[in-house]
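K.L.:
Questions regarding the structure given below will be posed in turn.
The values are calculated or read from the model by the stated rules, or taken from the named source; none is laboratory data. What you are looking at is a predicted structure, and each value in this text was computed from that prediction instead of being measured. Positions of Cβ are backbone-derived with ideal geometry, glycine not excepted, and every protein chain shown enters the neighbour counts.
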Amino acid sequence: MDAFTMIPTANSLRHAITAGMVLSGTVCWAPPVTADPPPIVYSVAHSFSQTDGAYPSATGLLAQGRNGNVYGTTPDGGQHGCGTAFRLSPNRTVFKKIYDFPPKLCHPQGGLTLGADGLLYGTSQGTGKGQAAIFKLSSTGKPHTLRLLSPAEGAKPESPPIQGANGLFYGVMSSGGSSNDGTLYQIGPKGGSFKVLHNFQPTDGTNPMGPLAIGLDGKLYGTATFGGPTTEGPNPYGTFFSFDPKIGLTVLHTFQFDHMNPRNESAKPNGPLTRDYQGAFWGTTYGYYASGGPGFDYGSAFYVKLTPPVSVQIRVFDDLTTMNPTAGLTLVPALEGFVGAGSQQAAHAGSLYLFHLSNDFPYANIEYLLGFGKPAEGATPESTLLLHTNGNLFGTTVHGGNTATATQPSSGYGVIYKLTPTSPAPQATVFAVPQAGSVGQTIGLLGQGFTDATGKSLVTDVAFGSVHADPSSIQASASTFLTVTVPAGSATGHIVVTLSGGTALQTALPFPVVSR
C-alpha cells in the first residue's frame, strides 16, 4: 500500500458486498463499486529544518492560543541546539519560530498548554547537571522562568502542567523526588505557591510522563509508566491514579502484563488521558517489549469507567493497525470517535487510526486511517493530536520532512501535519480555559466566529446547560476568544455559545463546574 492510502471503511466494504445481487442464479448488473471518500485528508503544514526546530516528540503537546494559532515546542534544534517554540496559523499554515530555548531551559520535551491568562506554559529538562524548569511564554515568544527545580523537587519533565479550577497549575516530573521515581507538583501562574504534593514510589507507580487531566468531579487524574502495587497481580507495569489535595494519591488500577498471554492486558501507560461525554477516561499504553520472548505486546487503548466500582477495559493493538503508541487519543465529535497515532506499524514508519465510540469497548471498531510511508511527509508520529476549534487536527512527527531520504526513513527533523475531516466536513467546536471552573469565576472560551471583521461581538448567548450567563459578563475580545462568568446555578455539562443568526457552538466535552 502506498503511503497515506486510506483503507475502505466498514460501510464501503458493506457496499462492496451488496452491490451485486443474485436472483435465481443470475447475477444482476450493479454499478461499479467505489470506496467511500476517505474520512480525513493529510497534508504537511511545515517541515522542520533544524534551525527552526528538530525532532518534535512525545509527549509534545500542541496548544491553541487565544488568537487561534497553534503553538508548540521542539526539544532540539534552534540557535543553541536546545529546542524552539513555534506558532502555526491554522488556515494558511504559515509557520514562524518565536523562541530559541537557551541552555538554562534546554529540551522542552512536553510541549505547551494554554493558561487562563493567555500565556503558554511548559517544562524543560535542562542539560547535563542542569535543573528542570517550569516556564511560560507569551504568544510572541517572550519567556519567563517560573521555577528552576532541585532534584528533590523533580527532574526530567516529559509534559507541561495544566491549570486547575483554582488557578494553580499541576504537573508531574518523571524522575527526582524522595525516591527518584518522580513527583506531582503545583505552582502558581507567577511562580509562587510551588509545592511537591506527592513523591512517587514503586508501590504507587513510578516515572509519570503524560500530563494530568481533570475529571468531571474536579479531581486530577494521571498515569505512572512503571511500578504499582502487586495486589492486582504479580507483574505491575504502571498505574492509573487520582489525586485529591485533601486525601492525596489513590491508585485506581494497576496495569499488568502476562508474559504467557499478552492479550490479557498491556503495559506502560505514558500518554495523555482524554475524557469522554460520560466522564470516563481513555488512554493508551506503549506496551511491553520482549523481542524473541514468549510474549510481545504492541500496546493498547484502555477505557476507565470511574463510577463505582472503577472498571478498566483493554483493547490490545496488533501490528497491522498500530504499534507502541506514545500518543494519547483525541476525541473528534464529527468522526464519532478518537483519533490516535502509533509510532510504528508493520509496513510503515507509524500510523493513524480511528477508535470508534462503542458501548462494548473491547469489540469497538478500530479503523486504520493511514500509514507513514513517504519520508518527506513525516515518520514516527509520537505526539497526541490537537483538535482545533475549526474542526481540523494538527500533529507532529519525530522524523521525516524535506531533509529525509528514501533510503533512511528515520532521517529528517520532523514535520507538523494537518488532518482535515471530509465526511462529515470539519465541525467547529468550543474549548474552555481552564478545563474546569466554579460559579462566579471568569473563564475563557476558544472558538470561531465570535466577532465580525470590525471586531463587533456576534455572541448573543452563552449557556451552561440550561443556565444562561449574564450578558454583561460576556466579552468577545477576538473572533476566536471570549470570556464569560460562570453563572449561579450552573452544573457540570456542555457550554453552548449562540451567535447572531442562530448558529450554536458547543464544547466538545462537558465542562466540570466544581466547588471552590
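K.L.:
Assess whether GLU336 counts as being in contact with a Leu (Cβ under 7 Å, 6 or more places away or on another chain), among the acidic types (Asp, Glu) and surrounded by 18 or more Cβ atoms within 10 Å (Cβ to Cβ). Steps first, please.
P.N.:
Values: in contact with a Leu (Cβ under 7 Å, 6 or more places away or on another chain): yes; among the acidic types (Asp, Glu): yes; surrounded by 18 or more Cβ atoms within 10 Å (Cβ to Cβ): no.
So GLU336 does not fit the description; no.
K.L.:
PHE317 - would you say it is on the phi < 0 side of the Ramachandran plot, of a type in the set (Phe, Trp, Tyr) and within 18 Å of the chain's Cα centre (by Cα)?
P.N.:
no
K.L.:
Next question. Given (1) surrounded by fewer than 22 Cβ atoms within 10 Å (Cβ to Cβ); (2) under 26 Å from THR330 (Cβ atoms); (3) in contact with a Lys or Arg (Cβ under 9 Å, 6 or more places away or on another chain), identify the lone condition not met by THR480.
P.N.:
(1)
K.L.:
I want to confirm something. Restricting to the stretch 322-344 and keeping residues that are assigned to a loop (DSSP other than H, G, I, E, B) and out of contact with any strand residue (DSSP E or B) (no Cβ under 7 Å at 6 or more places or on another chain), which single residue is modelled with the highest pLDDT? First the steps, then the outcome.
P.N.:
Within the stretch 322-344, the subset assigned to a loop (DSSP other than H, G, I, E, B) is 322, 324-329, 336, 343.
From the residues that got through so far, the ones that are out of contact with any strand residue (DSSP E or B) (no Cβ under 7 Å at 6 or more places or on another chain) too are 326, 343.
On the way: THR326: 93, SER343: 86.
By that ranking, first place goes to THR326.
K.L.:
Could you please tell me which pairs satisfy a Cβ distance under 7 Å, a separation of 6+ or placement on different chains, a first residue in the stretch 121-133 that is within 18 Å of GLY77 (Cβ to Cβ), and a second residue that is in a loop (DSSP other than H, G, I, E, B) and charged (D, E, K, R)?
P.N.:
GLN125/LYS156
K.L.:
Additional query: What's the total number of residues in the stretch 128-169 that are within 20 Å of the chain's Cα centre (by Cα), assigned to a loop (DSSP other than H, G, I, E, B) and not hydroxyl-bearing (Ser, Thr, Tyr)?
P.N.:
Matching residues across the stretch 128-169 total 7.
K.L.:
Within the stretch 446-470, which residues are assigned to a loop (DSSP other than H, G, I, E, B) and either hydrophobic (A, V, I, L, M, F, W, C) or crowded, with 16+ Cβ neighbours inside 10 Å (or both)?
P.N.:
GLY447, GLN448, GLY449, PHE450, ALA453, LEU458, GLY465, ALA469
K.L.:
Here's something else I'd like to know. Considering only the stretch 404-431, state which residues are closer than 30 Å to PRO510 by Cβ and either among the charged types (D, E, K, R) or surrounded by fewer than 21 Cβ atoms within 10 Å (Cβ to Cβ) (or both).
P.N.:
LYS418, THR420, PRO421, THR422, SER423, PRO424, ALA425, PRO426, GLN427, ALA428, PHE431
K.L.:
Which ones in the stretch 345-365 are more than 18 Å from the chain's Cα centre (by Cα) and modelled with pLDDT of 85 or more?
P.N.:
Result: HIS348, ALA349.
K.L.:
Taking VAL514 as the residue in question, decide whether it is surrounded by 16 or more Cβ atoms within 10 Å (Cβ to Cβ), at pLDDT 95 or above and not charged (D, E, K, R).
P.N.:
no
Matching residues to (1) under 22 Å from VAL172 (Cβ atoms); (2) part of a strand (DSSP E or B); (3) modelled with pLDDT under 95:
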| site | (1), (2), (3) |
| --- | --- |
| THR59 | yes, no, yes |
| GLY68 | no, no, no |
| GLY72 | yes, yes, no |
| ALA85 | yes, yes, no |
| THR93 | no, no, yes |
| LYS97 | no, yes, no |
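K.L.:
Next question, about the same structure. Specify the residue that is modelled with the highest pLDDT; the eligible residues are those in the stretch 305-321 that are over 28 Å from THR429 (Cα atoms) and part of a loop (DSSP other than H, G, I, E, B).
P.N.:
It comes out as VAL310.
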